[in-house]
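The values are calculated or read from the model by the stated rules, or taken from the named source; none is laboratory data. Quick caveat: nothing in here was measured; it's all calculated off a predicted structure. All Cβ positions, glycine included, derive from the backbone under ideal geometry; neighbour counts span all protein chains shown. Remember, those area values only see protein heavy atoms, side chains included, never the ligands or the DNA or RNA. Shrake-Rupley method; radii C 1.70, N 1.55, O 1.52, S 1.80 Å.
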Amino acid sequence: MGGGSDENPSGLQSCMAACCGLEIKQPHFVNEWMLSTKEPKAPSLFQRLCFCQCGPSVRKPSGIEAVPQLRGLAGVMVQAGDVSTAGTLLTFKWANWDLVKRQADLQVFGGFSGCGRGSEVGLWTESVNPLWCFLMNFGRVGNYTYRIKFSEDYRRADIGISGNPLILCCSCLCIPCMPGWFSVPTCIMAFEMVQADDSTDGSSWKRNSSACGSEFKLSYNLQEVFTPEGQPAKCHDKLAMAPQQVMITIDVRVHLMTGDRQTPTLQEVLTPEGQREVPRHAQTCMSLHIELSVFLIAGDRRKPKCCAAGLFAYGLVG
């Protein structure tokens, strides 16, 4: 599942990504799919069983754009610099913002947000490769979360790192429906954001890091490429740093995989409530690991038209 091109991802890439609860997108249209609201859908079986989500997840603006000094963070930001994650796109538009505490909580890849509630996905991109397929899902079930605490003048912020380390344990301790209760001690790892001298609207930040109590060093610059309204920002040219194709976390649902080995396609055919009918020619069902997402192989049993992408991708989470 290597790099892509300016064209849409192949059917095989799309199938493999969807099996891992991910979707491949083109960064040039990030203002459309990252900043816009989406139609609420019923939660998948994985979300119901592992995240205790009973109803649809609705994107609600955080309100951070109402703070003039932070307005840029509600747009699309890009990580720019000599770092392995250069080109990563993200937004604070749908974060959990507390104006009184000057605090934003951002679940990087989604996760547990409390019984009955849904967390937002698709707010953070990474490059298309197998390692990130694992890491994005690992961060999701582990509720990898950033807590950004701003100073009174909004020129600086401390970034706390939290998660649920119990997912590293086996047996009954592996419980994903727990918030990120464990905070990484700052003596081990610490992040901070400092607004650039020429920025007064939150459109440009220096993201610094410290390990084992060392001095903070610049990791990358965080710059706005699209405004909260989806218009090109003054650093829009930095969008060229993003990979030609990126991945985001999505809600996994029941799909039908059709086509041949060279061009398999993926089509949603059944919601958790069974609102759509399964085609008659679907012969074989297979449940992919813990998320209980079902993929149907179309065609004759002796000559199925679906390749084994679903099994190969392992389907860790949805």
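Screening the candidates Leu89, Leu12 for the property of being open to solvent by 20 Å² or more (accessible area, probe 1.4 Å), touching a helix residue (DSSP H, G or I) at 6+ places or on another chain (Cβ under 9 Å) and in contact (Cβ under 8 Å) with a residue 60 or more places away in the chain yields one hit, Leu12.
Considering (1) at negative phi; (2) open to solvent by 30 Å² or more (accessible area, probe 1.4 Å); (3) modelled with pLDDT under 95, the lone condition that Pro264 does not fulfil carries the number (2).
Within segment 127-137, being in contact (Cβ under 8 Å) with a residue 12 or more places away in the chain and either open to solvent by less than 40 Å² (accessible area, probe 1.4 Å) or touching a strand residue (DSSP E or B) at 6+ places or on another chain (Cβ under 9 Å) (or both) holds for Ser127, Val128, Asn129, Trp132, Cys133, Met136, Asn137. Scanning segment 61-79 for residues that are open to solvent by less than 10 Å² (accessible area, probe 1.4 Å) and not β-branched (Val, Ile, Thr) returns Leu70, Gly72, Leu73, Ala74, Gly75, Met77, Gln79. Does Val58 fit the bill of being of a type outside the set (Phe, Trp, Tyr), loosely packed, with under 15 Cβ neighbours inside 10 Å and over 26 Å from Thr200 (Cβ atoms)? So Val58 fits the description; yes.
Any chance you could count how many residues in segment 15-73 are basic (Lys, Arg) and either within 19 Å of Met178 (Cα to Cα) or touching a helix residue (DSSP H, G or I) at 6+ places or on another chain (Cβ under 7 Å) (or both)?
Final tally of qualifying residues: 3.
On the basis of being free of Cβ contacts under 8 Å to residues at least 40 places away in the same chain and surrounded by fewer than 16 Cβ atoms within 10 Å (Cβ to Cβ), does Leu49 make the cut? Criteria not met by Leu49. With respect to the conditions (1) open to solvent by 30 Å² or more (accessible area, probe 1.4 Å); (2) out of contact with any strand residue (DSSP E or B) (no Cβ under 7 Å at 6 or more places or on another chain); (3) under 21 Å from Gly114 (Cα atoms), Pro165 lacks only one, and its number is (2). Looking only at segment 124-159, residues that are aromatic (Phe, Trp, Tyr) and more than 20 Å from Glu23 (Cβ to Cβ) come to 3 in all.
Looking only at residues that are of a type in the set (Ser, Thr, Tyr) and under 13 Å from Ile250 (Cα atoms) in segment 19-66, which one is modelled with the highest pLDDT? Only one residue fits best here, namely Ser57. Beta carbons closer than 6 Å, at least 6 apart along the sequence or on distinct chains, pair a first residue in segment 138-163 that is among the aromatic types (Phe, Trp, Tyr) with a second that is open to solvent by 30 Å² or more (accessible area, probe 1.4 Å) for Phe150/Arg102; Tyr154/Gln69. Restricting segment 85-124 to residues that are of a type in the set (S, T, N, Q) and part of a loop (DSSP other than H, G, I, E, B), the residue that is modelled with the lowest pLDDT is Ser119. The residue that is surrounded by the fewest Cβ atoms within 10 Å (Cβ to Cβ), counting only those in segment 193-219 that are modelled with pLDDT of 95 or more and on the phi > 0 side of the Ramachandran plot, is Cys212.
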